[in-house]
Structure formats: C-alpha cells, structure tokens
Amino acid sequence: MKLYVTFTSPYARLARIMVVEKDLQERVEVIGAQTRTASSPYYAINPSGRVPYLIDNAGVGMEDSQLICAYLDSLDGKPRFHRPSSERDWTYGRLEAKARSLCDGLAVWAREMSRPESERSSTVLAHEAARAQRLANLFESEAGTTLLQETPVMGHLVLAVALEFARDRGFGDLTDGRPQLSAWFARMRELPSLRVTAPPAARGSGVRR
C-alpha cells in the first residue's frame, strides 16, 4: 500500500502514527506529496490534492484521516483505536470530536498565518485563537478523568497531535498554565509512534486533512 503525506500535516501524521502502532511499516510505503503547487504530479494521483491519501493493495484510493486510520486499524481484524459500531461507547466519539475541533481550528490558524501578513484576517486568527484556548481549558478539566487516563484510542492521538502542532507551528504551548493537561501530554509524547512521527520544523502550511 502507498500512503501519501506531507510531513507537517497533523492529519497525515495521524495516519503515520497508525502505521507504526499497527506495525504496518513493511506493508505501507509512506511517500511525501507535493501539495498547493500548480501542476503537481500528485494531483494525477489524488485530484483533490489533500493528504493523507492511501492506495490499498487493490489500487483503490481513499482520503480523510478518520477513514484511513480506521481502515489501517482494522486490517488485522483486531482494531485497538476504533470500536465496532455495534459496541461503540459514544464517550469515545465525543472525545475524538472535541479533539478534532481543536486540531481543525489550529489548522485554519496555521493556514491563515502562512499568508503574507497583509492578507491575513485578524478576525479569523482571533476566532481560532479563542477557540483553541477554550478547548484547552476544557481538556485541562478532563485530563485527570478515567477517560483520558485509559489506554489511548483515536481521540487521545488526535489531541496529542493537535497540542504538538500548536507548539510546532508557532501558536504557542496550550499546556502552559494547565498542569493536568501538561502531565497528560508529557506521557503521550513518550509513545514510540509519536516520537518517530514527530514533525520537522514548520515548512509551509501542509495541513490538508
């Protein structure tokens, strides 16, 4: 299989984490894609130009980090990060949705900051900054709960990636002044899959889902 990514995208990173967590390195080739560039050869592979994008063994492509992560998690018939719908506890779904809201807002902020200064929207930047702080406060209040202390599922991974994305892209450290969230994040960063997929220094936006 082939997994197309940009190495600054938090969404592509989630798919890369799943490859490591499920020990699929021998089955999935990770390929850097050139996005947001006119006439990029990647557009012939995925016309939407988004990452991550996975091509399976049958040559069928799929995009969207949620879909790809669920697919990779299910390949061995023993999903660890996604619960079968017949057994789903919606608490986990709510956690993932809140974490994705944080990640999505930070991605919008990063894209706006990548524009020339004269073209940036101060309204958009302020809106997303306020959203991120509100959500960080929420996660600080929940960091010590049983849900956040359990063995990681998809929501934990999304939250950890979002927090690291904020740091790496110049937004700031959302764990500052939030001791419970800081301690939780420190533990999550010790996961081997997060270590080996740690993003390089910011190079352009590259934050397509």
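Only the coordinates and a few stated rules stand behind these numbers; no lab work does. Owing to the predicted nature of the structure, the values given are computational and were not obtained by experimental measurement. Ideal geometry is used to build each Cβ from the backbone, glycine not excepted, and the neighbour counts take in all protein chains shown.
How big is the antiparallel share of DSSP beta bridges in region 1-122, given as a percent to the nearest 5? Walk me through the numbers on the way to the answer.
Values: 6 of 10 bridges.
Antiparallel bridges: around 60 percent, rounded to the nearest 5.
Have a look at the DSSP beta bridges in the chain and tell me what percent are antiparallel, nearest 5.
60
What length, rounded to one decimal in nm, is gained on full extension from N137 through to I45, with 0.36 nm per residue of separation minus their alpha-carbon distance?
Working: separation 92, 0.36 × 92 = 33.12 nm, distance 4.05 nm.
Extending this stretch completely gives an extra 29.1 nm.
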(request) Treating cross-link reach as a plain straight distance, find the aspartates and glutamates whose alpha-carbon is under 20 Å from the alpha-carbon of K98, omitting any fewer than eight places away in the same chain. (result) D64, D89, E128, E140, E142, E150, E164, D173, D176
(request) Can you grab the distance from the C-alpha centre of region 103-125 to the C-alpha centre of region 1-72, Å, no decimals? (result) 24
(message) Cross-link candidates for K2: which lysines have Cα within less than 24 Å, leaving aside residues fewer than 8 places away along the same chain?
(response) K22, K78
(message) Using a 7 Å offset from the Cα along the Cα-to-Cβ direction at both L67 and V108, what is the distance between the two label points in nm, to one decimal?
(response) 2.3
(request) Compute the Cα gyration tensor for the chain, then decide on rounded, prolate or oblate, letting a ≥ b ≥ c be the square roots of its eigenvalues: rounded whenever a/c is under 1.5, prolate when a/b is larger than b/c in the other cases, and oblate in all that remain. (result) oblate
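As a check on your grasp of the helix formula, calculate [θ] at 222 nm for the chain: sum -39500 (n - 2.57) over DSSP H runs of n ≥ 4, divide by the residue count, round to the nearest 500.
Here the helix-only value at 222 nm equals -15000 deg cm²/dmol.
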(request) Once you have the Cα-Cα distance between D173 and S74, take 0.36 nm times their residue separation minus that, and quote the gain in nm to one decimal. (result) 32.3 nm
(request) Starting with the highest mean, order 130-143, 55-68 by the number of other Cβ atoms within 10 Å, averaged over the residues of each peptide. (result) 130-143, 55-68
(request) Rank by packing, highest mean first: peptides 188-195, 34-41, with packing defined as the count of other Cβ atoms within 10 Å averaged across residues. (result) 188-195, 34-41
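Multiplying the sequence separation of D23 and T151 by 0.36 nm and subtracting their Cα-Cα distance, what value in nm do you get?
Numbers: separation 128, 0.36 × 128 = 46.08 nm, distance 1.75 nm.
Full extension of this stretch gives 44.3 nm more.
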